[in-house]
Ligand SMILES: Cc1cc2nc3c(=O)[nH]c(=O)nc-3n(C[C@H](O)[C@H](O)[C@H](O)COP(=O)(O)OP(=O)(O)OC[C@H]3O[C@@H](n4cnc5c(N)ncnc54)[C@H](O)[C@@H]3O)c2cc1C
């Protein structure tokens, strides 16, 4: 029988992706699905898309990113749905712009499903090895990447390379006085790549992050803990019909630290690598270790901890909120002072890790480096933290590397189009001074960038790029048309006073004095669309006759209830587009513009913005400087 997927040349590819973390997996899947012959070169095939820290995907703002990845045709949402063990829509009590999906996952299953996906991808080949050096053509003109050398002495050639080495570059782990080289617990560090890039002129820096201890369920007394169940009616991440919401769920548990726990942790502070000067890398302010929390909030007598299961078939639990690099015996003794954990067994202690990253102002919006042609960076190497942020960058780097080789323009998402647009624009325009994670507050257009409408915003683009399958596209077109017809039905459908008397009464509302359009009733906060459907048989009949799903009803309701806000943000975004549309020629010499402040000239020269809009977001460039640029380039 003929081989199904022969490899005609082991050593030559269109694109090589270095690293199979969350960024690398999305990058490789996208590049290969678009048609580039792709090699995924990774240190350990058993650990593809490994969850180095918490076994969960999504959360506030991160959940929106995963929905966007899915809408564009990326895979993180589908794989999350297939490995979910608990699902919650966070912030349900707030406005729709704040709703954020989050799933606890079976982390081994998540990793296994990614590997299966990649192993079965056409055009994709996997090689297990460590990249140690980049091959770059520096002869004549701009340096251009040509290939990769590996620890096993193999040299691969490619037109483009995407570096997604995560926390592995010169990784150094710390637990109390113990330090060891490594990219993650039980993984070797990656050596050589940083040196190779610095020699080419790249700037590198050092960051740090940390993780808590993992514990054995058999040693936990869950009976004294508060159970945290998933949603009664769980939803899911992917818009596609290929996945379903989780049917059975596993609970998490809530426990608290105490003054006694804190006092014990403090006995180890003089041996803490965070406090005694051993760790030099900058850590995430918003994801502090327990020892950081005790220092910053010294007056607090307790902190919440969540015990999160790591999978269906494992006893391993993750202690969310207890990240630490204190000596392991201090961590263990402190944990044993927590109610329900008196006899706890730890599988492994928490630890901190320092690693190299490359300030992302060295990148274009396409994630290609400014210094070396066809070299792309994505994920933690760009100074971000989090699986979702990494996956989003990986997807965009995979798409853009493929498009560059095809001679197509890069895909650059705008700030009012996607959180992914905000993420990449922040990175390349402002840079990072600590590990960057996404927050809703980073987005100016939160009401436009909701999780529920990610498909409406991005699926047409994903289809045009070529990543959204025809089946998912047909599903999207049908959903969009049903939403439109439901809204138009609501516009046209009159409701008589007698029809809404009972629902008004049940809510202690004064009954309306005249009939109303259904649209006007849905727009009122007092009524939910679901209640109105139940109360109005003619509406229910329309819903049933047209097979309108709960998802379509929810979308129509959000569009009706938030219409005023949505229109306002759209107007604001359009105004700002004017600045985004005024381009600055590539290679323009800002230093000769004496009307700019010196700081602005230096910052503009470093970042090299492509539009006045981008220039206006660079820290240190003032409105007065923007006026000078507008006179030069604008109208
Ligand atoms: C200890 C620890 C704690 C963390 N804590 C948090 C946290 O609290 N919150 C949070 O949001 N995130 C945390 N993270 C970060 C999270 O794991 C990353 O944000 C995310 O995994 C980044 O994805 P990535 O794809 O960029 O890199 P990674 O997931 O790190 O994947 C990198 C991949 O590259 C491969 N690789 C590296 N170098 C080479 C090479 N030279 N050749 C071939 N392959 C290579 C590795 O084997 C791996 O497969 C933590 C990570 C660690 C290690």
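What follows draws every value from the coordinates through simple rules; no lab data is involved. This is a predicted model, so every value here is computed, not measured. Cβ atoms come from the backbone with ideal geometry, glycine included; neighbour counts cover every protein chain shown.
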What is the spin-label model distance, in nm, from residue 128 to residue 178 if the labels are put 7 Å beyond Cα along the C-beta direction?
2.6
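Most exposed first by the Cβ proxy, i.e. fewest other Cβ within 10 Å, how do 318, 253 rank? Numbers along the way, then the final one.
Values: 318 24, 253 18.
Final ranking by Cβ density, sparse to dense: 253, 318.
At 37 °C and 0.692 mPa s, what whole-number value in µm²/s does Stokes-Einstein give for the translational diffusion of the range 581-633, with Rh from the Kirkwood sum over Cα pairs?
Working: Rh = 10.6 Å.
Result for D is 309 µm²/s.
How many percent of all Cα-Cα pairs in the range 9-68 sit more than 17 Å apart?
Values: 885 of 1770 pairs.
Tail of P(r) above 17 Å: 50 percent of Cα pairs.
Based on the Cβ-Cβ distance from residue 491 to residue 241, what FRET efficiency comes out when R0 is 30 Å, to the nearest 0.05?
Values: r = 29 Å, r/R0 = 0.95.
With R0 = 30 Å, the Cβ-Cβ based efficiency is 0.55.
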For the range 407-502, what percent of Cα pairs sit more than 23 Å apart?
49
Relative to the compact-globule scaling 2.2 N^0.38 Å, provide the ratio for the alpha-carbon radius of gyration of the range 482-635.
1.74
What FRET efficiency, computed as 1/(1 + (r/R0)^6) with R0 = 25 Å and r the Cβ-Cβ distance, is obtained for residue 254 and residue 216, rounded to the nearest 0.05?
0.85
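For the chain, what number results from the quotient of the Cα radius of gyration and 2.2 N^0.38 Å? Please list the in-between numbers first.
On the way: Rg = 26.2 Å, N = 635, 2.2 N^0.38 = 25.6 Å.
For the chain, the normalised Cα radius of gyration comes out at 1.03.
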Sort 356, 9, 187 so that the residue with the fewest other Cβ atoms within 10 Å of its own Cβ comes first and the one with the most comes last.
9, 187, 356
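So how much slack lies between residue 631 and residue 508, counting 0.36 nm per residue of separation and subtracting their Cα-Cα distance, in nm? Please report the intermediate quantities before stating the final value.
Values: separation 123, 0.36 × 123 = 44.28 nm, distance 6.00 nm.
Full extension from residue 631 to residue 508 adds 38.3 nm.
Full-extension gain between residue 92 and residue 144, please, as 0.36 nm times their residue separation minus the C-alpha to C-alpha distance. Before the final figure, lay out each step's value.
Values: separation 52, 0.36 × 52 = 18.72 nm, distance 4.88 nm.
Working it through step by step, the gained length comes to 13.8 nm.
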Difference of contour (0.36 nm per residue) and Cα-Cα distance, residue 4 to residue 433:
149.6 nm
Rel. contact order, % - alpha carbon contacts under 8 angstrom, at least six apart, the range 214-350:
39
Which ordering of 312, 127 is given by a fewest-first count of other beta-carbon atoms within 10 Å?
312, 127
